[in-house]
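> Sharing a structure with you now.
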Amino acid sequence: MRHHIVAGNWKMNKNAEQTEDLLNALIDQLPQDKAVEIIVAPTFINLASAVDHLEYTNISVAAQNMHEAESGAFTGEISADMLKSIGVNTVILGHSERRTIFHETDAIIAAKVDKALQHQMRVIFCFGEELKDRKDDQHFNVVENQLRDGLFHLDKTAWESIVLAYEPVWAIGTGETASPEQAQEMHQFIRETIRKAYGSDIAEAVSILYGGSVKPDNAAEIFSKPDVDGGLIGGAALKAEDFAAIVNAI
Ligand code: PEP
């Protein structure tokens, strides 16, 4: 059901000790009483300890990625079953760094989505256009194609387990953020695209997060837009006070 979510993607940052320190700081500083779901995504190696650490808190844990196969000869990879076995029930898929640096195609991401759903996991599905797409006025087409190729094979019931994260690639880690109006325009388009494919019930029920250089000083304005249901936060998720300020901006 549509609700406010703030998720922190820690990427390849924080060793075991630093993870524990940041989790402790988050437990101290994050609000307990806000109607917002709070998620952190540390690296694979620290997921199990994070799940333990956060057991009696209002913060849950997501993985940053997983493999699309059930198991087998995939050296260095992690499966949905492994994540579930340590209590991780949410996975981020299709992040732009996975798409560009690790060459994940829409077909691979769609297979990952299917595997995650087979294991009753929730998916935070990331997508968004590159700068050249926006300059060429192709951003709506690119976003629509990513949605269609990654998710539109799903049946209606599967959408209960999908959270969308619109992340324009040109705004990720660059300090340049989409304006609140640009974010709202795209989020509205995304909801409309889902409405056309699946109907109003699904379109109104899906949470759509914005990601791309969200910081304490721009979060409130972005989150105030009617189709923005929260944020996927990279750099600012690595400092407890910044992440807490962003959560408080909801
Ligand atoms: C991200 O990587 O998902 C992200 C939004 O990063 P940043 O907030 O650093 O732009």
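> Considering only protein heavy atoms and a probe of 1.4 Å, how much of the accessible area of the stretch 1-136 is carbon and sulfur, as a whole percent?
With neighbouring chains kept in place, the figure for the stretch 1-136 is 53 percent.
> Can you list the lysines whose alpha carbon is less than 20 Å from that of Lys112, not counting same-chain residues fewer than 8 positions off?
In chain and number order, the partners are Lys11, Lys84, Lys156.
> Now for a different question. With n ≥ 4 as the cut-off for DSSP H runs, can you work out [θ] at 222 nm for the chain, using -39500 (n - 2.57) per run divided by the number of residues, rounded to the nearest 500?
The per-residue figure over the chain is -12000 deg cm²/dmol.
> If packing is taken as the average number of other Cβ atoms within 10 Å across a peptide's residues, how do 112-121, 91-100 rank, most packed first?
Highest to lowest by the protection proxy: 91-100, 112-121.
> Please report the Cα spread of the chain along all three principal axes, rounded to whole Å, starting with the longest.
Reported extents, whole Å, longest axis first: 45, 45, 33.
> Can I ask one more? Can you pull out the chymotrypsin sites (Phe, Trp or Tyr not before Pro) in the stretch 70-154 that DSSP calls coil and that have at most 10 other Cβ atoms within 10 Å?
Phe102
> Using the scaling law 2.2 N^0.38 Å as the reference, what is the normalised Cα Rg of the stretch 1-131?
On the way: Rg = 14.9 Å, N = 131, 2.2 N^0.38 = 14.0 Å.
Scaled against compact globular proteins, the figure is 1.06.
> May I pose another question? First select every other residue whose beta carbon is under 9 angstrom from the beta carbon of Ala69; then total the charges, Lys and Arg +1, Asp and Glu -1.
It works out to a net charge of -2.
> Quick check: pseudo-label points 7 Å beyond the Cα along Cα→Cβ at His153 and Lys215, how many nm apart are they?
Placing both labels 7 Å beyond Cα along the Cβ direction yields 4.1 nm.
> Please give the per residue accessible area of the stretch 117-239, computed with a probe of 1.4 Å over protein heavy atoms only, in Å². Please list the in-between numbers first.
Numbers: 5110 Å² over 123 residues.
For the stretch 117-239, the per-residue accessible area is 42 Å².
The values are calculated or read from the model by the stated rules, or taken from the named source; none is laboratory data. All values reported here derive from a predicted model rather than from experimental measurement. Virtual Cβ from ideal backbone geometry, glycine too; neighbours counted across all protein chains shown. Quick note on the areas: whole protein, heavy atoms, side chains included, nothing else; ligands and nucleic acids left out. Shrake-Rupley method; radii C 1.70, N 1.55, O 1.52, S 1.80 Å.
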